[in-house]
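The values are calculated or read from the model by the stated rules, or taken from the named source; none is laboratory data. The shown structure was predicted, so the numbers you read here are calculated from the model rather than taken from an experiment. Note: ideal-geometry Cβ built from the backbone for every residue, glycine included; neighbour counts use all protein chains shown.
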Amino acid sequence: MRLIATEEAFSIPEIAAEYARLAGRGGDSLDMGLVQQIYGNDGDLRRFQKGLLDIGEERIRSMDENGVDVHLLSLTAPGVQMFDADTAAGLATLANDRLAEAVAKYPTRFAGLGSFAPQDPARAAREIERARNTLKLNGLVVNSHTNDEYYDEEKYFPIFEAAEALDMPIYIHPRSPMAGMAGPFRKYGMEGALWGYGIEVSTHCLTLIFSGLFDRFPKLKIVIGHMGEGIPFWLWRIDYMHRGAMAGGRAPQLKLKPSEYFRRNFAITTSGQENHLALKYSIDTLGPENVLWAIDYPYQPTTAAVQFMRTAPLAEDVKAMVAGGNAAHIFHLD
Ligand code: 1WB
Ligand code: MN
């Protein structure tokens, strides 16, 4: 059984430095709290920087200790999406170059998802092409909204056009909810992984489905973490209620039911959601080919994630698919 972990975060010193500047300036974004905790001068989560910045020996040692074969690396959230368009596009290119270098150095242990700057969709499309054709990366990552916008708007279509044409799956990783719905998440530390991340990504993905994006780009593949950010559990209700939204003219007419797009155009990963019942339900609901294992290194401990996968109450062939087979297929490994 090959263990391919699919939501494994890294950063580069130049981007960490940009976040440190941002942490010093402060601001209203709901992501600012975590940015200051990880990159601020006296942040209490600065220890994560060490794991993020190492895409070499230390990381491989932790993989070896736990029997993990591959990290599919992605630039950590919120990527380059809090920077101005030029800075963002330049840093995405730099991060992709460093990522490709790390993969070239450890080709059997690392694979990578390329970053791009949604702030400039035309330039993003060119970087996606470079990520695939020049750097041979395995897919893309984006951290939900950029400047409080979702990508159901036409101006973002060049990104999806390039991704679909080049067969580059897009991993939509969380960031905190956009400004328009930030209010309630400011209480009780709810803005991050506790609840806000899942609500942000699930809401964003539903706008993509309801907009008709997958009628326009039927071969586009989206991957989301955290056992599908709640969506698998809601599919029946979403299908039922969406008929009323279409009939009332509040949503465009679609060719398929929302759940059919979710099964066709999405795959989910187990990152930070280590619950065997939820795993079994997701496999039964989406099919064994649509569920992929992940750790969420360095934010979640590797040992527990490996234990969760190894002890999963699944048939051996299904377990091998979730542990690594599906990732190898979807992300074009070897
Ligand atoms: C996640 C969790 C991502 C944390 C992060 O990126 C941080 C995640 C900044 O659940 O995917 C965190 O701090 O726990
Ligand atoms: Mn993550």
Filtered residue count, the stretch 206-254, keeping only those that are within 16 Å of ligand 1 (Cβ to nearest atom) and part of a loop (DSSP other than H, G, I, E, B): 3
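For the stretch 213-223, check the following and say yes or no: at least one residue is within 16 Å of ligand 2 (Cβ to nearest atom) and modelled with pLDDT of 95 or more. It would help to see each step written out before you state the result.
Going residue by residue through the stretch 213-223, those that are within 16 Å of ligand 2 (Cβ to nearest atom) are 222-223.
Still in the running and modelled with pLDDT of 95 or more: 222-223.
Scanning the stretch 213-223, I find at least one residue that is within 16 Å of ligand 2 (Cβ to nearest atom) and modelled with pLDDT of 95 or more, so the answer is yes.
Filter the helices (runs of 4 or more DSSP H) completely within the stretch 80-178 down to those with at least 3 residues that are closer than 15 Å to residue 223 by Cβ.
Details: elements: 85-105, 121-133, 157-165.
The qualifying helices (runs of 4 or more DSSP H) are 157-165.
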Neighbours by Cβ (under 7 Å, 6+ apart or cross-chain): first from the stretch 43-63, touching a residue at least 12 places away in the same chain (Cβ under 8 Å) and among the aromatic types (Phe, Trp, Tyr); second part of a helix (DSSP H, G or I) and within 16 Å of ligand 1 (Cβ to nearest atom): 48/38
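Tell me the helices (runs of 4 or more DSSP H) entirely within the stretch 285-334 that contain at least 3 residues that are β-branched (Val, Ile, Thr) and surrounded by 23 or more Cβ atoms within 10 Å (Cβ to Cβ).
Details: elements: 302-310, 316-320, 326-330.
Correct list: empty, since no element meets the threshold.
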Contacts under 7 angstrom Cβ, first residue in the stretch 300-319 being over 15 Å from residue 4 (Cβ atoms) and touching a residue at least 60 places away in the same chain (Cβ under 8 Å), partner away from ligand 1 (no atom under 16 Å from the Cβ) and in a helix (DSSP H, G or I), 6 or more apart: 303/66
Of all residues in the stretch 44-72 being away from ligand 1 (no atom under 16 Å from the Cβ) and loosely packed, with under 15 Cβ neighbours inside 10 Å, the one that is farthest from residue 128 (Cα to Cα): 65
Residues satisfying the stated conditions in the stretch 281-300, i.e. farther than 22 Å from residue 194 by Cα and out of contact with any strand residue (DSSP E or B) (no Cβ under 9 Å at 6 or more places or on another chain): 284, 285, 287, 288
Qualifying residue in the stretch 72-79 (condition: closer than 21 Å to residue 191 by Cα, within 20 Å of the chain's Cα centre (by Cα) and of a type in the set (S, T, N, Q)): yes
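Among the residues of the stretch 73-115, what is the count of those that are more than 26 Å from residue 24 (Cβ to Cβ) and either surrounded by 19 or more Cβ atoms within 10 Å (Cβ to Cβ) or of a type outside the set (Ser, Thr, Tyr) (or both)? Quick ask: steps written out before the conclusion?
Step one: list which residues in the stretch 73-115 are more than 26 Å from residue 24 (Cβ to Cβ), which gives 73, 96-97, 99-114.
Filter once more, keeping what is either surrounded by 19 or more Cβ atoms within 10 Å (Cβ to Cβ) or of a type outside the set (Ser, Thr, Tyr) (or both): 73, 96-97, 99-105, 107, 109-114.
Residues that pass the stated criteria total 17.
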Residue selected from the stretch 1-56 under the condition part of a loop (DSSP other than H, G, I, E, B) and of a type in the set (Ser, Thr, Tyr), by the criterion nearest to the chain's Cα centre (by Cα): 11
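Regarding residue 110, is this residue under 21 Å from residue 334 (Cβ atoms) and of a type outside the set (D, E, K, R)?
Working: under 21 Å from residue 334 (Cβ atoms): yes; of a type outside the set (D, E, K, R): yes.
In short, yes.
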Out of 294, 323, 328, sole residue that is within 16 Å of ligand 1 (Cβ to nearest atom), among the small types (Gly, Ala, Ser) and under 30 Å from residue 53 (Cβ atoms): 294
Filtered residue count, the stretch 297-317, keeping only those that are under 20 Å from the mean Cα position of the chain (by Cα), aliphatic (A, V, I, L, M) and within 15 Å of ligand 1 (Cβ to nearest atom): 1
Index of the failed condition, residue 237 passing every other in (1) of a type outside the set (Gly, Ala, Ser); (2) buried (at least 17 other Cβ atoms within 10 Å of the Cβ); (3) under 21 Å from residue 152 (Cβ atoms): (2)
Qualifying residue in the stretch 106-127 (condition: basic (Lys, Arg), more than 19 Å from the chain's Cα centre (by Cα), closer than 14 Å to residue 162 by Cβ and modelled with pLDDT of 95 or more): yes
Selected residue (only one of 149, 164 is of a type in the set (D, E, K, R) and more than 20 Å from residue 89 (Cα to Cα)): 164
Of residues in the stretch 17-31 being away from ligand 1 (no atom under 12 Å from the Cβ) and surrounded by 14 or more Cβ atoms within 10 Å (Cβ to Cβ), the one farthest from residue 187 (Cα to Cα): 18
